[in-house]
Amino acid sequence: MLTNNEIKFIKSLNNKKNRDSNSLFLVEGDKIINELISSDFRIKKIYGTYNWYEDNCSIIEEELFCKVSPKELSRISNLKSPNNVLAIVNKRNLELEQSNLTGLTLVLDSINDPGNLGTIIRSCHWFNIKNIICSENTVDMYNSKVIQSTMGSIFNVNIFYTELTSFLNDCSNNHTIYGSFLDGDDIKKIKINSNTLLVIGSESHGISNSIVNKIHKKVTIKGKSEEINSLNVATATSIMLYEFS
């Protein structure tokens, strides 16, 4: 049975400040938990129903599991319709090494919407993009809406947060830096270099003025309609990843 202190602590992890101070985050749902279990993320505790445990006891360590009733699960869940399981997970402490950024690396500048970030992470997993670099003001990857939107892909992509001006300066000599702009060259006609960074700007303002001069080549997706002049950032990113990969 869950204590009030446990419930209070679990719910506190919905706040970024508490996730950061405890280096923990929450994961919910059968499919995402199964992705988590097969990943290299370290699980602190799993809270699940008896039926979930019966179906999955062979793939989890018994000491990590706490059986809860559906009513108790609803008290700690972020979902409107709580699933069968919730986990508290340790954050990974990854070191950003420029030498490891081979092939295509995605760079996200000020992506604010959790659903967009989650969809982008899932697209990166689909196209086998191993590394995503986020600006420091991009929405937290451990936000519950981000995690739900990734459908488990968050456990298969390396995600870093850093100050982009210095990062792009450091990468400038060894990587070709492309940026997404409305007035860029048609991405279909671009010959992509082997070690590449693709910078995607915010939903509202595009790439920040502070890093525009770090871009080597501007690219765009040429639309067919004259009645619309932009795409959702997650949709545009997915199309660009397809063209680049």
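The values are calculated or read from the model by the stated rules, or taken from the named source; none is laboratory data. Predicted model, so just to flag it, every value in this text is computed and none were measured. For neighbour counting, all protein chains shown are included, and Cβ atoms are generated from backbone atoms with ideal geometry for every residue, glycine included. Heads up: the accessible areas ignore ligands, DNA and RNA and are worked out on the full protein's heavy atoms, side chains in. Shrake-Rupley method; radii C 1.70, N 1.55, O 1.52, S 1.80 Å.
See the values below:
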quantity: Within the range 31-150, strands (runs of 3 or more DSSP E) holding 2 or more residues that are polar (S, T, N, Q); calculated: 131-135
quantity: Enumeration of residues in the range 133-163 that are under 24 Å from Gly179 (Cα atoms) and either in contact with an Asp or Glu (Cβ under 6 Å, 6 or more places away or on another chain) or open to solvent by 40 Å² or more (accessible area, probe 1.4 Å) (or both); calculated: Ser135, Glu136, Asn137, Asn158, Tyr161, Glu163
quantity: The range 1-30, residues that are in a loop (DSSP other than H, G, I, E, B) and open to solvent by less than 30 Å² (accessible area, probe 1.4 Å); calculated: Leu2, Leu13, Gly29
quantity: Restricting the range 94-132 to residues that are of a type in the set (Ser, Thr, Tyr) and touching a His at 6+ places or on another chain (Cβ under 8 Å), the residue that is surrounded by the fewest Cβ atoms within 10 Å (Cβ to Cβ); calculated: Ser110
quantity: Residue match in the range 153-175 (condition: closer than 20 Å to Ile120 by Cα, part of a strand (DSSP E or B) and small (Gly, Ala, Ser)); calculated: no
quantity: Among the residues listed as Ser230, Ser202, Ser225, the single one being among the small types (Gly, Ala, Ser) and closer than 29 Å to Arg92 by Cβ; calculated: Ser202
quantity: Every pair of residues 6+ apart whose Cβ atoms lie under 9 Å, when the first sits in the range 64-76 and is under 14 Å from Lys44 (Cα atoms) while the second is open to solvent by 20 Å² or more (accessible area, probe 1.4 Å) and among the hydrophobic types (A, V, I, L, M, F, W, C); calculated: Leu64/Ile43; Phe65/Cys57
quantity: Residue list for the range 39-77, filter: polar (S, T, N, Q) and under 13 Å from Val89 (Cβ atoms); calculated: Ser39
quantity: Among (1) closer than 30 Å to Cys124 by Cα; (2) without any contact (Cβ under 8 Å) to a residue 24 or more places away in the chain; (3) more than 22 Å from the chain's Cα centre (by Cα), the one test that Tyr47 misses; calculated: (2)
quantity: Residues being over 18 Å from Leu168 (Cβ atoms) and either free of Cβ contacts under 8 Å to residues at least 60 places away in the same chain or not in a loop (DSSP other than H, G, I, E, B) (or both) - total across the range 210-236; calculated: 16
quantity: Ile177 being closer than 26 Å to Ser21 by Cβ and β-branched (Val, Ile, Thr); calculated: no
quantity: Of all residues making up the range 180-198, the number that are under 11 Å from Met240 (Cα atoms), open to solvent by 30 Å² or more (accessible area, probe 1.4 Å) and in a helix (DSSP H, G or I); calculated: 1
quantity: Lone unmet requirement of (1) over 25 Å from Asn4 (Cα atoms); (2) open to solvent by 60 Å² or more (accessible area, probe 1.4 Å); (3) in contact with a Ser or Thr (Cβ under 8 Å, 6 or more places away or on another chain) for Pro70; calculated: (1)
quantity: Any hit, the range 79-86, residues being at pLDDT 95 or above and either under 27 Å from Ala234 (Cα atoms) or touching a helix residue (DSSP H, G or I) at 6+ places or on another chain (Cβ under 7 Å) (or both); calculated: yes
quantity: So Lys91, is it within 30 Å of Asn169 (Cα to Cα), modelled with pLDDT of 95 or more, of a type in the set (Lys, Arg) and open to solvent by 30 Å² or more (accessible area, probe 1.4 Å); calculated: yes
quantity: Matching residues in the range 199-234 - criterion: being surrounded by fewer than 13 Cβ atoms within 10 Å (Cβ to Cβ), within 14 Å of Asn112 (Cβ to Cβ) and of a type in the set (Ser, Thr, Tyr); calculated: Ser204
